[in-house]
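Novice: Pasting a structure below so you can have a look.
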Amino acid sequence: MKKVIKRCIIVFLLWFLIHCVYISIDGLKNFSGKADIAIVLGSTVLDDGSVSPWLKGRVDKALQLYKNGQVKKIFVSGAIDQNHFAEGDIMKNYLLQNGVDSTDVITDNKGVNSYHTAVNFINLNRDNKYSNCVLVTSFYHVSRCKYILRKLGFENVKSDHSEYFSLRDSFKLFREFFAFYKYVLVY
């Protein structure tokens, strides 16, 4: 019985390690093409209503893609946090302050998680008919977000990642393993 348990633990640890390596490689790829729209997933807003460093990294990447002419529109999606700040509005204001035309930013404040952001984008796309997108989020989050968009029927999904990294990314990478399989099973 001990050998079986030991083997199961070894198999699980190998699976975990391979998964984390895969999502890191997938998440750290840079986008070099063009897309109709960038989808930026929300993150924490600071207590004063400004973008946190990890959210700024995501929005800055979308801003870079926009200024480089790689995307025409930016869809910013997040929730309303415990301080009643709307992440989507905060991201939009940041983009507008940095030269993005207001007609090129679409705001979603009902993206309470990655799944809801994907659903909200799919619903928006029924009218707009975007044929491709580039998903912008933190590297550890990319694979799960691409997975859910594709599962909901939007196949032409590319990605890019925030260039802000911190020690907390290690915990987020660990957590992402479990979150990915939760999405596989639940959504």
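Here, each number is a calculation from the coordinates, and none is a lab measurement. This is a predicted model, so every value here is computed, not measured. Positions of Cβ are backbone-derived with ideal geometry, glycine not excepted, and every protein chain shown enters the neighbour counts.
Novice: Rounded, prolate or oblate for region 11-99? Axes are the square roots of the Cα gyration tensor eigenvalues, ordered a ≥ b ≥ c, and the cut-off for rounded is a/c under 1.5.
Specialist: Oblate shape, in that a/c is at least 1.5 and b/c is the bigger or equal ratio.
Novice: Take each of the peptides 123-130, 52-59, 17-24, average the number of other beta-carbon atoms within 10 Å over its residues, and list them starting from the highest.
Specialist: Peptide ranking by packing, descending: 52-59, 17-24, 123-130.
Novice: How high is the FRET efficiency between HIS84 and LYS182 when r is their beta carbon distance and R₀ equals 25 Å, given to the nearest 0.05?
Specialist: Efficiency computed from Cβ-Cβ geometry: 0.35.
Novice: Okay, next question. Taking the Cβ of each residue in HIS161, HIS141, HIS84, HIS116 as the centre, tally the other Cβ atoms inside 10 Å and list the residues starting with the fewest.
Specialist: Lowest to highest Cβ neighbour count: HIS84, HIS116, HIS161, HIS141.
Novice: How large is the charge dipole for region 1-111, taken about the Cα centre, if only the Cβ atoms of Lys, Arg (+1) and Asp, Glu (-1) carry charge, to the nearest 20 debye?
Specialist: Charge dipole of region 1-111: 920 debye, to the nearest 20.
Novice: Putting +1 on Lys and Arg Cβ atoms and -1 on Asp and Glu Cβ atoms, find which of ALA118, ILE5, TYR130 reaches farthest to the positive end of the dipole of the chain.
Specialist: ILE5
Novice: What is the extension gain from ASP104 to LYS34, computed as 0.36 nm multiplied by their sequence separation minus the C-alpha to C-alpha distance, in nm to one decimal?
Specialist: Full-extension gain reported as 23.7 nm.
Novice: Give me the number: length gained by fully extending ASP47 to LEU13, i.e. 0.36 nm times residue separation minus the C-alpha to C-alpha distance, one decimal in nm.
Specialist: Fully extending the segment from ASP47 to LEU13 adds 8.5 nm.
Novice: Here is a further query. Distance cut-off 25 Å, Cα to Cα: go down the list LYS92/LYS151; LYS29/LYS110; LYS29/LYS72; LYS67/LYS172; LYS61/LYS92 and report the pairs above it.
Specialist: LYS92/LYS151; LYS29/LYS110; LYS67/LYS172
Novice: Something else now. For the chain, what is the charge dipole size about the Cα centre, in debye to the nearest 20, if Lys and Arg each add +1 at the Cβ and Asp and Glu each add -1 at the Cβ?
Specialist: 1080 debye
Novice: Here's something else I'd like to know. Tell me the relative contact order for region 1-99 as a rounded percent, counting alpha carbon contacts under 8 Å between residues six or more apart.
Specialist: 27 percent
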